[in-house]
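The values are calculated or read from the model by the stated rules, or taken from the named source; none is laboratory data. Remember, it's a predicted structure, so these values are computed and weren't measured experimentally. Cβ: placed from backbone, ideal geometry, glycine included. Neighbour counts: every protein chain shown.
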């Protein structure tokens, strides 16, 4: 074979490889979807969910090792309705939402699809626009935000309660929020200008489950231990879409606080309204690029939860999913990312 023919063959192979690597999003019409009801949780914290006196189903989680979805996959819609109506949920008579937001739906049905091409993971979310409720625009810049949290097995409890492992009773807008957090020596570095954000217990020396104040915002482990937890994968990989003009997608993680930057795996996060429905698509590398990113590998199962801040919502005024699993070409995973 001549050198020119060999060169052309190599060039053709290179073009083919390059084309496959930049093939773009999959044909979503060929990707199975899973219908997931996300619901309004009010002030239901990790401590509330895992305490028998508050949450009767916690014994299923604590004693039998069953995830929240085991009991609530079907009645999450009813829970959301009660919360937005200011009605009690669980064992206590006190409502989980002391200030029910006007016009807020109790739940939102969401269609979730996942796919991959060997280089990137694609996640697609679709739901009907809930219209303008007429309530206060807590985040006037962003009509919609979609957040996805992934755990690779390093966060205790993530397999059972999804992203509830990041939600504590002492976060900003929660019952035991403390203004003292804003004056903490590390407040600026931790992004606590408006109060404590999400964290996992692997970053704390203790978590108060029943005694008030609940949580452990002020019980930070030493920096060296938090760095060790980061290296050990004891965190949630976080990506977020924002609908506001000029607003950039977020590629971060949750450990001792919610880090809204540091990752370099998210290559695209786009969303738009189509025929009365919101459609949001994430595109991220399977490789772990940057800080706080999990490598997505075949043969492994990841714990996944997601939330939608609908209708200009902020902080806890969102709709959340229960805990699910994600896998590559794994029909046993709740969200099975099929290869295209």
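Just checking, which of 58, 133, 111 is modelled with pLDDT of 95 or more and surrounded by 14 or more Cβ atoms within 10 Å (Cβ to Cβ)? Reasoning before the result, please.
Numbers: 58 fails: modelled with pLDDT of 95 or more; 133 fails: modelled with pLDDT of 95 or more.
Selected residue: 111, the only one of 58, 133, 111 that is modelled with pLDDT of 95 or more and surrounded by 14 or more Cβ atoms within 10 Å (Cβ to Cβ).
Which is assigned to a strand (DSSP E or B), over 15 Å from residue 243 (Cα atoms) and free of Cβ contacts under 8 Å to residues at least 40 places away in the same chain, of 299, 327?
On the way: 299 fails: assigned to a strand (DSSP E or B).
Result of the check over 299, 327: 327.
I'm checking my understanding of the structure. Among residues of the range 148-184 that are without any contact (Cβ under 8 Å) to a residue 40 or more places away in the chain and more than 17 Å from residue 210 (Cβ to Cβ), which one is surrounded by the most Cβ atoms within 10 Å (Cβ to Cβ)? Spell out the reasoning first.
So in the range 148-184, the residues without any contact (Cβ under 8 Å) to a residue 40 or more places away in the chain come out as 176-177, 179-184.
Of the ones still in play, those that are also more than 17 Å from residue 210 (Cβ to Cβ) are 177, 179-184.
Numbers: 177: 19, 179: 8, 180: 12, 181: 21, 182: 14, 183: 9, 184: 16.
Of everything passing the filter in the range 148-184, 181 is surrounded by the most Cβ atoms within 10 Å (Cβ to Cβ).
Take the conditions touching a helix residue (DSSP H, G or I) at 6+ places or on another chain (Cβ under 9 Å) and at pLDDT 95 or above and apply them to residue 284. Does it pass?
Numbers: touching a helix residue (DSSP H, G or I) at 6+ places or on another chain (Cβ under 9 Å): no; at pLDDT 95 or above: yes.
So residue 284 fails the test.
Every residue, every condition in (1) buried (at least 21 other Cβ atoms within 10 Å of the Cβ); (2) within 23 Å of residue 231 (Cβ to Cβ); (3) at pLDDT below 95, yes or no:
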{"site": "267", "(1), (2), (3)": "no, no, no"}
{"site": "280", "(1), (2), (3)": "yes, no, no"}
{"site": "297", "(1), (2), (3)": "no, yes, no"}
{"site": "303", "(1), (2), (3)": "yes, yes, no"}
{"site": "317", "(1), (2), (3)": "yes, no, yes"}
{"site": "325", "(1), (2), (3)": "no, no, no"}
{"site": "330", "(1), (2), (3)": "no, no, no"}
{"site": "337", "(1), (2), (3)": "yes, no, no"}
{"site": "340", "(1), (2), (3)": "no, no, yes"}
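Does the range 180-187 contain any residue that is under 19 Å from residue 307 (Cα atoms) and in contact with a strand residue (DSSP E or B) (Cβ under 8 Å, 6 or more places away or on another chain)?
In the first step, residues of the range 180-187 are kept if they are under 19 Å from residue 307 (Cα atoms); the result is none.
Scanning the range 180-187, I find no residue that is under 19 Å from residue 307 (Cα atoms) and in contact with a strand residue (DSSP E or B) (Cβ under 8 Å, 6 or more places away or on another chain), so the answer is no.
Looking for whichever is over 14 Å from the mean Cα position of the chain (by Cα), in a helix (DSSP H, G or I) and crowded, with 18+ Cβ neighbours inside 10 Å here; the options are 189, 229, 224. Which one fits? I'd like the intermediate steps shown before the answer.
Numbers: 189 fails: crowded, with 18+ Cβ neighbours inside 10 Å; 224 fails: crowded, with 18+ Cβ neighbours inside 10 Å.
Among 189, 229, 224, only 229 is over 14 Å from the mean Cα position of the chain (by Cα), in a helix (DSSP H, G or I) and crowded, with 18+ Cβ neighbours inside 10 Å.
Could you go through the range 29-48 and let me know if any residue there is more than 24 Å from residue 326 (Cβ to Cβ), at pLDDT 90 or above, surrounded by fewer than 18 Cβ atoms within 10 Å (Cβ to Cβ) and more than 24 Å from the chain's Cα centre (by Cα).
Scanning the range 29-48 turns up no residue that is more than 24 Å from residue 326 (Cβ to Cβ), at pLDDT 90 or above, surrounded by fewer than 18 Cβ atoms within 10 Å (Cβ to Cβ) and more than 24 Å from the chain's Cα centre (by Cα).
Residue by residue through the range 8-28, note down the ones that are at pLDDT 60 or above and assigned to a helix (DSSP H, G or I). Steps first, please.
Pass one, the range 8-28, residues at pLDDT 60 or above: 24-28.
28 - this is the single residue of the range 8-28 that is at pLDDT 60 or above and assigned to a helix (DSSP H, G or I).
For residue 195, are the conditions met, namely being more than 18 Å from the chain's Cα centre (by Cα) and either in a loop (DSSP other than H, G, I, E, B) or under 15 Å from residue 325 (Cβ atoms) (or both)? Before you say what the answer is, go through the steps one by one.
Working: more than 18 Å from the chain's Cα centre (by Cα): yes; either in a loop (DSSP other than H, G, I, E, B) or under 15 Å from residue 325 (Cβ atoms) (or both): yes.
Spelling it out, residue 195 is indeed more than 18 Å from the chain's Cα centre (by Cα) and either in a loop (DSSP other than H, G, I, E, B) or under 15 Å from residue 325 (Cβ atoms) (or both).
Any chance you could count how many residues in the range 89-107 are in contact (Cβ under 8 Å) with a residue 24 or more places away in the chain and under 13 Å from residue 43 (Cβ atoms)? Working first, answer last.
Step one: of the range 89-107, the residues in contact (Cβ under 8 Å) with a residue 24 or more places away in the chain are 89-92, 95-98, 101-107.
Adding the requirement that they be under 13 Å from residue 43 (Cβ atoms) leaves 89-90, 92, 95-98, 101.
So the count comes out to 8.
Yes or no, residue by residue, for (1) within 24 Å of residue 173 (Cα to Cα); (2) in contact with a strand residue (DSSP E or B) (Cβ under 6 Å, 6 or more places away or on another chain):
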residue: 193; (1), (2): yes, no
residue: 211; (1), (2): yes, no
residue: 220; (1), (2): yes, no
residue: 233; (1), (2): no, no
residue: 246; (1), (2): no, no
residue: 252; (1), (2): yes, yes
residue: 263; (1), (2): no, yes
residue: 277; (1), (2): no, yes
residue: 290; (1), (2): no, yes
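Conditions (1) closer than 19 Å to residue 27 by Cα; (2) more than 14 Å from the chain's Cα centre (by Cα), marked per residue:
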| position | (1), (2) |
| --- | --- |
| 265 | no, yes |
| 284 | yes, yes |
| 288 | no, yes |
| 291 | no, yes |
| 294 | no, no |
| 318 | no, no |
| 321 | no, no |
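Quick test of your reading of the structure: residue 212 fulfils all but one of (1) surrounded by fewer than 20 Cβ atoms within 10 Å (Cβ to Cβ); (2) closer than 17 Å to residue 252 by Cβ. Name the failing condition by number.
Single failed check for residue 212: (2).
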